[in-house]
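Values quoted throughout were computed directly from the atomic coordinates according to the rules given, and no laboratory measurement underlies them. Keep in mind it's a predicted model, so treat the numbers as computed, not measured. So basically every Cβ, Gly included, is an ideal-geometry build from the backbone, and we count neighbours across all protein chains shown.
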Amino acid sequence: MDKTPPSPTVIEARDLKTHFQARSSLIGALAGRQPRAIRALDGVDLAIRRNEIYGLVGESGSGKSTLGMSLVRMYEPTGGEVHYNGENITHVHGKALKDYRRAAQIIFQDPYSSLNPRLTIGQIIEEPLKIHRIGDAAERQRRVEKALELVRIPAEENLHRYPSDLSGGQRQRVAIARALVLEPQFIVADEPVSMLDVSIQASVLEILDDLSRDLGLAVLYISHDIATVGYICSHVAVMYLGQIVEEGTAEDILTAPQHPYTQRLMAAIPSIVPDENRERVELKGDVPSPLDIPPGCRFSSRCPYATELCTTVEPQLVPTAEAHRVRCHLYDAEAVATHPSLEPPTSQAA
């Protein structure tokens, strides 16, 4: 039995909520009605440890990017808390916020628009050091070269080149180097390989994996590509309409999903087993609007196992095994005991 103590928690969300105000219609404004809130993130609990790459998956509009932006404080949370190394940084401002943003960095999805085309590669990576007033020119040069070395880009050949001179994969590695130059402890990687060729994706994922282990980084890896999540992540959370509906080890989520929504996501992954006949499973309907979240379970309108209880009572995230939690009445012992018609679906291997 492995008795190695777990790594310390670097970043933690506690019942985190981020709501946005929708625009009022002209009639609504004239009538004095308050605009409704878009509940993009609606009560998320999450903890990421040192040396860990934590995967976050779900359909577009589920709140994945909003969670990442809220954790690095690019969005102001509406409720709940964000803790960094045990300290509550949810509403810090001024120097404390600037210090936190040095420790928490983000890698954006599009390497073509996230880099300033007017700056050289060296200037792009050096810019965060200037903003945080770190070192003199010689020290900044050393840090820039080290960051490029970490992402396997020769500094001498590329410092004076421009983003337009690089391939997509090289640009994304420059974006990673820019995040690393401040020596952060937490990084949000928001769809970092979705715009790259498949042949390039593996090398960028390998770099992220190496950096997490070698530098002790805590990484939130956001993706709609479940295959890449299974490649580098130790734990995975599945989001739906602003909430986590299932979380556990990557192996459990990929091979034995329990929530009906997760099962359908996994069933959509093409099989690499020759001659395997897999039943086609489709998700009916669209994700409900975060402006008008339905009562009860948010997945009930698309779930084949939904009962009357599911449409009236919101399920809680309950443990079903060690390090595995599911937000579904079908796995809540108390709900099953009081509603005999509830019967958990058979797990579907991906």
Where does the Debye-calculated log10 I(q)/I(0) of the range 179-243 sit at q = 0.14 Å⁻¹, using only Cα point scatterers of equal weight, no solvent? -0.42
Order by neighbour count: 136, 209, fewest other Cβ atoms within 10 Å first, most last. 136, 209
Partner aspartates and glutamates whose C-alpha sits under 14 Å from that of residue 284, ignoring same-chain residues fewer than 8 away, are 59
Computed magnitude of the charge dipole of the range 172-267 (debye, nearest 20; Cβ of K, R +1, Cβ of D, E -1): 160 debye
On a 0 to 90 degree scale, rounded to 10, what angle separates helix 121-131 from the longest Cα axis of the chain? 80 degrees
Using only the Cα atoms of the range 133-236, what semi-axes does the equivalent ellipsoid have when each is the square root of 5 times a gyration tensor eigenvalue? Give whole Å, largest first. 24, 17, 10
Quick one: which of 17/98; 17/95; 17/130 span more than 27 angstrom between C-alpha atoms? 17/130
Measure off 7 Å from each Cα along the Cα-to-Cβ vector at residue 131 and residue 85, then give the distance between these two points in nanometres to one decimal. 2.0 nm
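Out of the DSSP beta bridges found with both residues in the chain, what percent are antiparallel (nearest 5)?
DSSP beta bridges in the chain are roughly 65 percent antiparallel.
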Rounded to the nearest 20 Debye, what is the dipole magnitude of the range 150-195 about its Cα centre when Lys and Arg each give +1 and Asp and Glu each give -1 at the C-beta? 40 debye
How far, in degrees from 0 to 90, does helix 198-215 lean away from the longest principal axis of the Cα atoms of the chain, to the nearest 10? 80 degrees
